[in-house]
Amino acid sequence: MLNEFPVVVTGGAGFIGSHLCERLLGAGKEVICVDNFYTGAKRNIHHLLKEAHFEVLRHDVAFPLFVETGRIFNLACPASPVHYQNDPVATVKTSVQGAINMLGLAKRRGARILQASTSEVYGDPQVNPQSESYLGNVNPIGPRACYDEGKRCAETLFFDYHRQHGLEIRVARIFNTYGPRMAINDGRVVSNFIVQALRGNDLTVFGRGEQTRAFCYVEDMVDGLLALMDQDDERGPINLGNPQEITIIELAEAVLRLIGGRSKIVYRPRPEDDPCQRRPDISKARALLGWEPTVGLEDGLKESIDYFRRQLD
Ligand code: NAD
Ligand code: UDP
């Protein structure tokens, strides 16, 4: 049974976006994937092209978009530090002008719109775990600011469009997510370690590897995004992530244990403003969405390893 109007997924050819498109199609929705393929790839959505209710628009969200839609998931934005720092001005334009354009589309259509925000709005947090009430510790002029401040401004725009124009908004603060369809050259830690180990190269741990992150498997994340979009009461911001916190060195050891081989751990300089600790407090998502992650790190890593092994073959 088709919904009245198509669902727009910006960034739909990316890592999380492609899983989201797949799930929406599976639920009988008509989906318009909007992507400029900056970090996304056609191969991520190739298997969906045969679906009658799937459409792809090559489009940069920094420019206005006019389509019929009832719901918008705004995921368009490079997410890996390597990629978002490659052209920081474009990252700000994507986050801020992209949000304005997609909010404009939602306003015109009376559509509900969800923003893929990020744990980076908390910057290098001085409290752990981070709950939604924590206002963050972001360096506004550092190399990560194009992403962090861009996403913070996008949240501002979402709430101003809600207050000023009565838009139905949803804001998810996504914590580190991993899984199949991360790009091989993505540059984020999980894909880097797996690809390095599968190639028999050494695993590059930045700093001493004592910094922490909490990694959420992509299917769990998509469940959370859908749960947030589909309920009528909570607009967010709401943390989505897996609260199982580990150090980067522990992650490297886990990958080596699962893959085996001759790779060693080598140490490289820590990037500027790299957060020391990160773990989501997901009490709000548990209580209001009835959502929590179900895939443990080892199972998620095994799925990811299988995927990258097939890609490298
Ligand atoms: P990704 O880089 O794989 O996907 C981003 C997609 O957006 C790509 O397909 C890219 O081509 C597209 N895109 C980039 N700029 C665009 C533009 N100007 N116009 C149209 N399309 C554009 O990253 P991802 O991990 O899938 O992240 C998806 C969203 O989730 C992003 O908004 C990201 O900030 C957010 N997020 C992800 C994580 C994570 O750990 N994966 C964590 C926090 C937030
Ligand atoms: N990291 C690392 N080696 C790599 C890539 C990343 O040690 O090859 C570290 C990075 O310094 C950070 C953590 O892993 O502390 C997570 O980095 P990622 O780029 O995946 O995401 P972030 O959470 O920093 O946005």
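The values are calculated or read from the model by the stated rules, or taken from the named source; none is laboratory data. Computed from a prediction, not measured in an experiment: that's the story for all the values here. Here Cβ is always computed from backbone atoms with ideal geometry, including for glycine, and neighbour counts include all displayed protein chains. We work out accessible area using only protein heavy atoms, side chains counted, and drop any ligands, DNA or RNA first. Shrake-Rupley method; radii C 1.70, N 1.55, O 1.52, S 1.80 Å.
Among the residues of region 101-141, write down those that are surrounded by fewer than 18 Cβ atoms within 10 Å (Cβ to Cβ) and outside any loop (DSSP other than H, G, I, E, B).
Listed by number, the residues that qualify are 104, 107, 108, 137.
Is it true that residue 10 is within 15 Å of the chain's Cα centre (by Cα) and open to solvent by 20 Å² or more (accessible area, probe 1.4 Å)?
Judged against the criteria, residue 10 is not a match.
Scan (1) open to solvent by 70 Å² or more (accessible area, probe 1.4 Å); (2) modelled with pLDDT of 95 or more for the single condition residue 274 breaks and write down its number.
If we test residue 274 against (1) open to solvent by 70 Å² or more (accessible area, probe 1.4 Å); (2) modelled with pLDDT of 95 or more, just (1) comes out false.
Name the residue, out of 198, 258, 225, that is in contact with a strand residue (DSSP E or B) (Cβ under 9 Å, 6 or more places away or on another chain), within 21 Å of residue 304 (Cα to Cα) and either more than 16 Å from ligand 1 (Cβ to nearest atom) or open to solvent by less than 20 Å² (accessible area, probe 1.4 Å) (or both).
225
What is the number of the single condition among (1) open to solvent by 30 Å² or more (accessible area, probe 1.4 Å); (2) among the charged types (D, E, K, R); (3) assigned to a helix (DSSP H, G or I) that residue 208 does not meet?
Only one criterion in (1) open to solvent by 30 Å² or more (accessible area, probe 1.4 Å); (2) among the charged types (D, E, K, R); (3) assigned to a helix (DSSP H, G or I) is unmet by residue 208, namely (3).
Which of the numbered conditions does residue 138 fail, given that it passes all the others? Conditions: (1) more than 16 Å from ligand 1 (Cβ to nearest atom); (2) touching a residue at least 12 places away in the same chain (Cβ under 8 Å); (3) closer than 12 Å to residue 273 by Cα.
So the condition that residue 138 fails would be (1).
Quick check: anything in region 87-95 under 22 Å from residue 189 (Cβ atoms), open to solvent by 20 Å² or more (accessible area, probe 1.4 Å) and within 11 Å of ligand 1 (Cβ to nearest atom)?
There is at least one residue in region 87-95 that is under 22 Å from residue 189 (Cβ atoms), open to solvent by 20 Å² or more (accessible area, probe 1.4 Å) and within 11 Å of ligand 1 (Cβ to nearest atom).
Here is a list: 213, 163, 235. Which entry is modelled with pLDDT of 95 or more and assigned to a loop (DSSP other than H, G, I, E, B)?
Values: 213 fails: assigned to a loop (DSSP other than H, G, I, E, B); 163 fails: assigned to a loop (DSSP other than H, G, I, E, B).
So the residue among 213, 163, 235 that is modelled with pLDDT of 95 or more and assigned to a loop (DSSP other than H, G, I, E, B) is 235.
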